[in-house]
Amino acid sequence: MPQVSLYFEQALYTELKSTASKKNVSVSSYVSDVLKDHLDKSWPEGFFDTYFGAAKDDPLEEPEEWEYI
């Protein structure tokens, strides 16, 4: 597995370490997961099931053509 060295300010490292500890994972694993989530370009699982048809005035209708003057 490739390795990368990252350099953080102390305050950021302390926050990363605390968050990783709360999630019961290593700092390396936590940072890796954050980067994967950030770089993932796909829609979140269940996104369309949650939001499809959620518009207040569903179904949407195409507006009438306007006459230009």
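The values are calculated or read from the model by the stated rules, or taken from the named source; none is laboratory data. Everything quoted here is computed from the prediction, not taken from an experiment. Note that each Cβ is placed from the backbone with ideal geometry, even for glycine, and that neighbours are counted across all protein chains shown. These accessible areas exclude ligands, DNA and RNA; they are computed on the full protein's heavy atoms, side chains included. Shrake-Rupley method; radii C 1.70, N 1.55, O 1.52, S 1.80 Å.
List the longest stretch of the chain that has no exposed loop site; here a site is one of the trypsin sites (Lys or Arg not before Pro) assigned by DSSP to anything other than H, G, I, E or B, with at most 11 other Cβ within 10 Å. Please report the intermediate quantities before stating the final value.
Numbers: sites that count: K23, K41, K56.
Result, exposed sites excluded: 1-22.
Round to the nearest 10 and give me the degree value, 0 to 90, for the angle of helix 27-39's Cα axis relative to the longest principal axis of the chain.
Its long axis makes an angle of about 20 degrees.
If you fit an axis through the alpha-carbon atoms of helix 10-22 and take the longest principal axis of the Cα set of the chain, what angle between them do you get, 0 to 90°, nearest 10?
80
With every protein chain left in place, what is the accessible area per residue of the chain in square angstrom, probe 1.4 Å?
Using a 1.4 Å probe on heavy atoms only, each residue of the chain averages 108 Å².
Subtract the Cα-Cα distance of S26 and D40 from 0.36 nm times their separation in residues, and report this length gain in nm to one decimal. Don't skip to the end; give the middle numbers.
Values: separation 14, 0.36 × 14 = 5.04 nm, distance 2.11 nm.
Result: 2.9 nm gained on full extension.
Kindly provide the helix-only [θ] at 222 nm of the chain, computed as the sum of -39,500 (n - 2.57) over DSSP H runs of four or more divided by all residues, to the nearest 500 deg cm²/dmol? Provide the component values of the computation, followed by the final result.
Values: 3 runs with 31 residues, N = 69.
Calculated mean residue ellipticity at 222 nm is -13500 deg cm²/dmol.
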